[in-house]
Structure formats: C-alpha cells, structure tokens
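Engineer: Got a structure for you, questions after.
The values are calculated or read from the model by the stated rules, or taken from the named source; none is laboratory data. Only a predicted model underlies this, so the values are computations on that prediction, with no experimental measurement involved. As a convention, Cβ positions derive from the backbone with ideal geometry for all residues, glycine included, and neighbour counts pool all protein chains shown. To get the accessible areas, we keep the full protein, side chains included, count just its heavy atoms, and leave off ligands, DNA and RNA. Shrake-Rupley method; radii C 1.70, N 1.55, O 1.52, S 1.80 Å.
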Amino acid sequence: MGSRMDIVRLTAKIAQVGMVTKELEELWKAASDPLLQTIHLEKEHFIQPPPNPKYYRLYGHYLCPFVERALLALAFKRVPYQFVAIDLPSRPKWYFDLPSKGKIPLLEFPNQAKYMAESTDICLFLDETFNTGIQLLPKDNEELKAKIKGFTNQASKLGSSFYSFQTDAGESDDKVKALREILEELNEMIKQNKNHPFFFDRPHPTFADILVLPHFRRILLCEHTKARKGWAKLKPYELAGLMWWYSNMMMLEEVLKVTTSKENFVELEKWQAETKQHSLPISLNKPPI
C-alpha cells in the first residue's frame, strides 16, 4: 500500500477505464500519501520510528507465508496500511523488544505503541474491527463461523507438514505422503462445494482461504526449486478441486496485489545456498509488480 507499484497499477487501471472515477481518485490519493510509503528497516535503524499518526503499520517480508496472510486480510478488508520491509538477517536490536520478539508479522496500531502479533490474530482482528471489504467470518451464521475459525487446525497441519517437506527438499517419501494426505483432505472439501469455488462453498474468500493460500502457492512453486523431485512425487496439480480453487483465488485483484513473484522464490533459494542462511533478506523483500 502506498508503494510505487500501487501508483503504476492505478495508472494502468485509469488507462483501461478511460477516465478517473471517484473511486480511482481516492485510491490515487491513498497511494500518493507519504504516510503510506514503505519503510525499509535494516540494522542501521538504531532508533524505532514513531508510530504512524494515521494508519496501521505492518512489519514483515513479502516472502513469508504468515505475513502474506496478514497482507491478504488487509487487502480483502480494504484497510490502508504502511508496510515496513524487514531485513531478517539484520533486524535492529529494538525490534526484538517488541511483542513479536523479533518475529513477523507484527501489526502496529496508529498513533500509539500498541501491537498485535500472530497472523491468525491479525486477520481476525481486522475482520472484527472493519466493516469495509468482505467479511472473512460470517456474522449471520454462528455455526459456520465456528467451523471456519476451527479451520485453523487444518491450516496449521498444512503449514507444518509443508515446512517438514521443504527442509529436506521433498526427498523423504514419508514427508511427501504426509503432505499429500493433508492436501487430499482439503481437495475433498472443495469438491463437496455445490455453488462456489471457495472453502465452505462461500461466494467469496473467507478466513479459511487466507490461511491456506500462502502455503499452497509455495507448494506449487516447489516445481521451480530444489524440492522439484518431491513436488513431482507430490503431484499437487492432480488435485482438481484445489487447483480450481487456486485458479479462482489467483484471479482476484486483492491477491495479485500482495503475492510476490515466482522469480523472488527462485532468487531466495540461490541466496540461501550462497550465504548458508535460512532467512529472508531485504533485497528480496519486494512487492508484486
């Protein structure tokens, strides 16, 4: 939000529409607001910047799946925010004193030293606080609301299983099998839908879709990394339900605004191999184009 890419995207949209609508004018003003310009946080930032006087501020890295969850929630809820791009190998000392203890994401509240960590908590907070955009949890169906919130357990299993699969580049058949089983469960959920492509047969994405998308996208991108052999055994492209869901998710403007490029993931693998660091450098903390 408020990056050069937002301005480039808006310029293209104005050209496509052929006129500056009121909505586009408001978006242009927001993208040009200096309080929304990205901050690049590196080790030499000895002093913590004061809170943004007007907007929420999200500390994170575009390549982190948990940060991507928070970014998706901000996009779907249409909440303006300032992004703080962090260099994880060189975080300043004061960042470790904040509630997240040096981890990402971290949401900072406007004009006050108040914070929220954990991607799931951030997503739920944004949905409860803002009536803009779409509802990530239904307000008129408590039973469905409980089911979607309970989906956190399945999403956690997906994340931990993918991390285990990724650590040995998909060489372990047992890890491939474990991840495949979780994907098949999610695939069956989508296949049971009667009307819509999103989880729980909803007409738009919800909290559940936000939880799954970052990790599933990274699973698909393993085709281009050292885990490609494991990816070939995993065969995620055979899961028709999930692939239908994924293609619909990736057509949404909110998703395209916050998901970084395939090339960044490939470059990350090269950087990690060269530096022997399992981290996320600021050179690859790039917004989508």
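Engineer: Rounded to two decimal places and with Rh computed the Kirkwood way over Cα pairs, what is Rg over Rh for region 28-151? Walk me through the numbers before you get to the answer.
Structural biologist: On the way: Rg = 15.2 Å, Rh = 15.3 Å.
That ratio equals 0.99.
Engineer: Could you check the simple spin-label distance between residue 269 and residue 164, using points 7 Å along Cα→Cβ, in nm with one decimal?
Structural biologist: 2.2 nm
Engineer: Something else about it: Let me check against my output: what whole-number percent is the relative contact order of region 88-184, with C-alpha pairs under 8 Å and at least 6 apart?
Structural biologist: Numbers: 57 pairs, mean separation 12.1, N = 97.
Taking the mean separation of contacting Cα pairs over the length of region 88-184, I get 12 percent.
Engineer: I'd like the antiparallel share, as a percent to the nearest 5, of DSSP beta bridges with both residues in region 40-120.
Structural biologist: Working: 6 of 13 bridges.
Around 45 percent antiparallel, to the nearest 5.
Engineer: Please state, to two decimals, what the Cα-based radius of gyration of region 73-128 comes to when divided by 2.2 N^0.38 Å (N = residues).
Structural biologist: Here the Cα radius of gyration is 1.17 times the empirical estimate.
Engineer: What is region 25-180's relative contact order, in percent, from Cα pairs under 8 angstrom and six or more apart in sequence?
Structural biologist: Here the relative contact order equals 22 percent.
Engineer: With a cut-off of at most 12 other beta carbons within 10 Å, and DSSP calling the residue loop, which GluC sites (Glu not before Pro) in region 209-285 qualify? Please list them. Walk me through the numbers on the way to the answer.
Structural biologist: Working: sites: 223, 238, 253, 254, 263, 267, 269, 274; in loops: none.
Answer by residue number: there is no such site.
Engineer: Something else now. Within straight cross-link reach of residue 177, meaning Cα distance under 17 Å, which lysines are found once same-chain residues fewer than 8 apart are removed?
Structural biologist: 157, 229, 233, 235
Engineer: Let me make sure I get this right: for region 161-289, a, b and c are the square roots of the gyration tensor eigenvalues over alpha carbons, sorted descending. Under 1.5 in a/c it's rounded, otherwise prolate if a/b > b/c, else oblate. Which is it? Could you put the intermediate results ahead of the total?
Structural biologist: Working: a/c = 2.54, a/b = 1.32, b/c = 1.93.
Since a/c reaches 1.5 but b/c is at least a/b, the shape of region 161-289 is classed as oblate.
Engineer: For the chain, what is the calculated [θ] at 222 nm in deg cm²/dmol (nearest 500), taking -39500 (n - 2.57) for each run of four or more DSSP H residues and dividing by its residue count? It would help to have the intermediate numbers written out before the result.
Structural biologist: Working: 12 runs with 145 residues, N = 289.
Using -39500 (n - 2.57) per qualifying helix, the result is -15500 deg cm²/dmol.
Engineer: Measure of size requested: the Rg and Dmax of the chain, with Cα atoms as the atom set and Å as the unit; please supply both.
Structural biologist: 19.2, 56
Engineer: Something else about it: What part of the accessible area of region 77-185, given as a whole %, is carbon or sulfur when the probe is 1.4 angstrom? Mind dumping the intermediate values first?
Structural biologist: On the way: 2570 of 5430 Å².
Answer for region 77-185: carbon and sulfur cover 47 percent of the accessible area.
Engineer: Provide 161, 156 ordered by accessible surface of protein heavy atoms (probe 1.4 Å), highest first. Walk me through the numbers on the way to the answer.
Structural biologist: Numbers: 161 15, 156 65 Å².
These residues rank, largest area first, as 156, 161.
Engineer: Further, regarding this structure: May I ask you to rank 233, 101, 147, 77 by accessible area, largest first, using a 1.4 Å probe over the protein chains only? Don't skip to the end; give the middle numbers.
Structural biologist: Numbers: 233 90, 101 140, 147 110, 77 0 Å².
The ranking, largest first, comes out as 101, 147, 233, 77.
Engineer: Assign unit charges at the C-beta atoms only (+1 for Lys and Arg, -1 for Asp and Glu), then state the dipole size of the chain relative to its Cα centre in Debye, rounded to the nearest 20.
Structural biologist: On the way: 39 positive and 36 negative charges, 50 e Å.
Taking the Cα centre of the chain as origin, the dipole is about 240 debye.
Engineer: Based on alpha-carbon centroids, what's the gap between region 257-278 and region 65-105 in Å, whole number please?
Structural biologist: Centre-to-centre (Cα) distance: 18 Å.
Engineer: Which value, in Å², gives the accessible area per residue of region 84-231 when a 1.4 Å probe is used on the protein heavy atoms?
Structural biologist: Working: 7010 Å² over 148 residues.
Solvent-accessible surface per residue comes out at 47 Å².
Engineer: Classify region 93-187 as rounded, prolate or oblate, taking a ≥ b ≥ c as the square roots of the eigenvalues of its Cα gyration tensor: rounded when a/c is under 1.5, otherwise prolate if a/b is larger than b/c and oblate if not. Walk me through the numbers on the way to the answer.
Structural biologist: Details: a/c = 3.73, a/b = 1.28, b/c = 2.91.
Verdict is oblate for region 93-187.
Engineer: Given contacts defined as C-alpha pairs under 8 Å and at least six residues apart, what's the relative contact order of the chain, whole-number percent?
Structural biologist: Numbers: 435 pairs, mean separation 56.8, N = 289.
Averaging sequence separation for qualifying contacts and normalising by length gives 20 percent for the chain.
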